[in-house]
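Here's the structure, in structure tokens; my notes come after.
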Amino acid sequence: MSYAGWILLTASLVGLSCGIIGVLLILRRMAMMADAISHTVLLGIVVAYLVTRELSGVHMLIGAIAAGLLTSVLVQWFHARGVQQEASIGVVFTTLFAIGVVLIATKVGNAHLDVKHTLMGEITFIPWERIELPFIGSIPEAVFILSIVLIVVLVAVLAFYKEWKITSFDPALAASLGLPVVLMHYVFMSLVSVTTVAAFDAVGAIMVVAMLITPAAAAYLWTDRLLAMFALSGGFGVLSAVSGYYVAAWLDTSISGSMAFATGIVFMVSFIASPRHGLASRWFRHRAAGGAAPG
Amino acid sequence: MSLALSHNAQWVLFSTLILGVAAGVMGCFAYWKRQSLMSDALSHAALPGVIIGFMIAGSKNLPLMIGGAAASALLGALLIGWIRSSSRVKEDAAMGMILSVFFGLGIMLLTFVNRMGGGSQSGLDSFIFGQAASMVRKDVFTMSGLALLVVLISIIAFKEWKLYLFDPQFAKGLGLSSRWMSSIYMTVLVLVIVIGIQAVGVILMAALLIIPAVSSRYWTNSFLWMVVLSGLFGGMSGMAGTLISTFGKGWPTGPFIVIAASTIFIVSLAFGASKGLLVLLLQRYAQKKSLDRPMSTQRVLERGEAG
């Protein structure tokens, strides 16, 4: 496959997994938690590097899951001790992120781990870091990891589809039915962390947040059905990734920045033109009902 | 210690102290408006404005960049409000979107400027993680002046702020326009954020608003004392973080300021006089002891009859 092809495939895989996870994030009103986790996985990656002294995928994944779980446990713990949920998220993730940045600046040096790299990602290097696989041949390592993550996410979501649905829409009912709500919360947090770290290396922290939240929020404006929302959100993710890439190539600028911006355009279009919850359709419906246009 | 520092470094230290105080005070207001994470979204949203300010000026011009930052942060705030009020997307999702999309745009513009040349030399990158050492005398004056202005605004109208935050209905009844108060609140919040981004950076600026306010909550139940303490904690973290970051070459300032603030937070969490863990533990112990005290059956019965 060509160089651009691998980049597009990588970004699309990110868009798909983030889009699917994002739907559950939006429905569970945990969008800012994703923002927090996408920052704290940095600490997990740095600590994993300091312990093992190598930047391999497996160690980084373990470190990142640990950091993600630590974040959600700490947030809950402070919240239980009277700190507002919002403020608690703010305290935990800025602190852990700052520790990560300081460790990079003082201990690791800029040789292997670069702070800027982790924020913006370096998708242009992806096609060169290859591994050999039986039957398939040589493919970029990131594509391999992202494919596995996508499969894990898909299996986890589809296998417990009904459970996710109930715990997201009506946690009280779920608890009264005997579903393990708390366990599912932490499983979900682990899924977010895994997705985040796999995408992190390819596209950087900020674009992960954009890909997790924005396509899902856009899909939320188009449909009321969960399955359709999953499909639309994944589709919007891929659409933003592909169009973002071509805009970046055209303007010769940061690819991940451009992809993040593309998700914003997709949302804006949905916000205005979605037939169900868009501004335009609401305005027309209002006119048809005989009222004045809302201000 | 301060004798060993150059004259310029003393000024930088002073300005981060004032910045910390201003951020601590405003952070309390944001805490009670339950908008801690709003400050995070707004500080990220300031990045494109900084770069556009730089592009217009053609070189590093702090007033213009602060103006640009304020404009794009306010635009972000307006968009968040608009998305929340006219669609079914919730506020947290709207904040996450604005944060990441604006930051993405900022990175696009930054790459653009860096490629044009001159961008990386001008220290634009330092706006991401903060580099207090990159400030020249004029920047220091601009920053300290604006930070003092913020502190003044919160002191002068303290009673009005209190009313607006805790009893908006009553404030309205007294003739305090909540619309005006909201606009002033948002303007001052954005002002604190944009003056802090050179020293602390867009990513961690929110921490200076959030952490001191949460820490001061562990010491007192009085709003006045909370504001005072939070300002104090913010000022201490600003100064300590800047000092520590001068020990290493090229160390970013922002993360050290945040770690200083978090250290104060952990101390407050453990030993805070109002809701600290130690105090809670002692209270629980005393309660348990009073319950465990052996009582004769006779006395229990007497008590029951008496009650």
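Taken together, the values in this text are just the output of simple stated rules run on the coordinates, not laboratory data. Worth saying up front: this structure is predicted, and the values here are computed from it rather than measured. Backbone-built Cβ (ideal geometry, glycine too); neighbour counts: all protein chains shown.
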Legend entry - Pairwise label distance in nanometres, B:Lys138 with A:Ile151, each label 7 Å out on the Cα-Cβ vector: 6.0 nm
Legend entry - Test item: B:248-254 mean partner chain Cβ contacts at 10 Å: 3
Inset, instruction - Rank A:Ile62, A:Ile45, A:Ile136 by mean-square fluctuation in a GNM of chain A with C-alpha springs under 10 angstrom and give only the top-ranked residue. - result: A:Ile136
Inset, instruction - May I ask you to order B:93-99, A:264-270 by the average number of other C-beta atoms within 10 Å around their residues, highest value first? - result: B:93-99, A:264-270
Inset, instruction - First measure r as the distance between the Cβ atoms of A:Val187 and A:Phe135, then evaluate 1/(1 + (r/R0)^6) with R0 = 30 Å and state the FRET efficiency to the nearest 0.05. - result: 0.45
Inset, instruction - Mind jotting down the distance between the C-alpha centroids of the range A:1-80 and the range B:178-245, whole Å? - result: 28 Å
Inset, instruction - Provide a whole-number value for the mean count of partner chain Cβ atoms within 10 Å of the Cβ atoms in peptide A:270-279. - result: 2
Legend entry - Radius of gyration and maximum dimension Dmax of the range A:1-72, Cα, Å: 14.6, 40
Legend entry - Convex hull of chain A built on C-alpha atoms - directionally averaged projected area, nm²: 18.8 nm²
Legend entry - CD proxy at 222 nm, helix term only [per DSSP H run n ≥ 4: -39500 (n - 2.57); per residue of the protein assembly as shown; nearest 500]: -25500 deg cm²/dmol
Legend entry - Prolate/oblate/rounded label for the range B:1-150 (Cα gyration tensor, a/c 1.5): oblate
Legend entry - Proxy reagent accessibility, fewest Cβ within 10 Å first, across A:Phe135, B:Phe166, B:Phe112, B:Phe103: A:Phe135, B:Phe166, B:Phe112, B:Phe103
Legend entry - 0 to 90° range, to nearest 10: angle between helix B:137-156 axis and chain B longest Cα axis: 40 degrees
Legend entry - Mean Cβ neighbour count within 10 Å, used as a protection proxy, ranking B:36-46, A:79-89 highest first: B:36-46, A:79-89
Legend entry - Links that overshoot a 24 Å alpha carbon limit, given the list B:Lys33/B:Lys172; A:Lys107/B:Lys249; B:Lys33/B:Lys60; B:Lys162/B:Lys275; B:Lys172/B:Lys275; B:Lys90/B:Lys162: B:Lys33/B:Lys60; B:Lys172/B:Lys275; B:Lys90/B:Lys162
Inset, instruction - Place +1 on the Cβ of every Lys and Arg and -1 on the Cβ of every Asp and Glu in the range A:3-204, take the dipole about the Cα centre, and give the residue among A:Thr71, A:His59, A:Leu179 whose Cα lies farthest towards its positive end. - result: A:Leu179
Inset, instruction - In nm, give the distance between the simple-model label positions of B:Arg88 and A:Ala249, each being 7 Å from the Cα along the Cα-to-Cβ direction. - result: 3.8 nm
Legend entry - Chain lengthening between A:Phe125 and A:Arg81 when straightened (0.36 nm per residue, less Cα-Cα): 11.4 nm
Inset, instruction - Taking H placed 1.01 Å from N in the peptide plane, check which residues at least 5 places from A:Ile131 or on another chain put their amide H under 5 Å from its amide H. - result: A:Ile139, A:Glu141
Inset, instruction - Using only Cα atoms, find the angle between the long axis of helix B:91-116 and the longest principal axis of chain B, and express it within 0 to 90 degrees, rounded to the nearest 10. - result: 30 degrees
Legend entry - Residue-averaged beta-carbon neighbours from other chains (10 angstrom radius) around A:72-83: 2
Inset, instruction - Grab the eigenvalues of the alpha-carbon gyration tensor for the protein assembly as shown, scale each by 5, take roots, and send me the semi-axes largest first in whole angstrom. - result: 37, 32, 27
Inset, instruction - Compare the Cα positions of A:Val14, B:Leu13, A:Ile123 along the charge dipole of the protein assembly as shown (+1 at Cβ of Lys, Arg; -1 at Cβ of Asp, Glu; about the Cα centre) and return the one farthest towards the positive end. - result: B:Leu13
Legend entry - Whole-number percent relative contact order across the range B:228-291, with pairs defined as alpha carbons under 8 Å at least 6 apart: 23 percent
Legend entry - Tail weight of P(r) past 24 Å, computed on alpha-carbon pairs of chain B, percent: 57 percent
Legend entry - Per-peptide average of other Cβ atoms within 10 Å, ordering A:205-214, B:278-287 highest first: A:205-214, B:278-287
Legend entry - Distance between modelled label sites at B:Ala9 and B:Ser183, nm, 7 Å Cα→Cβ extension: 4.6 nm
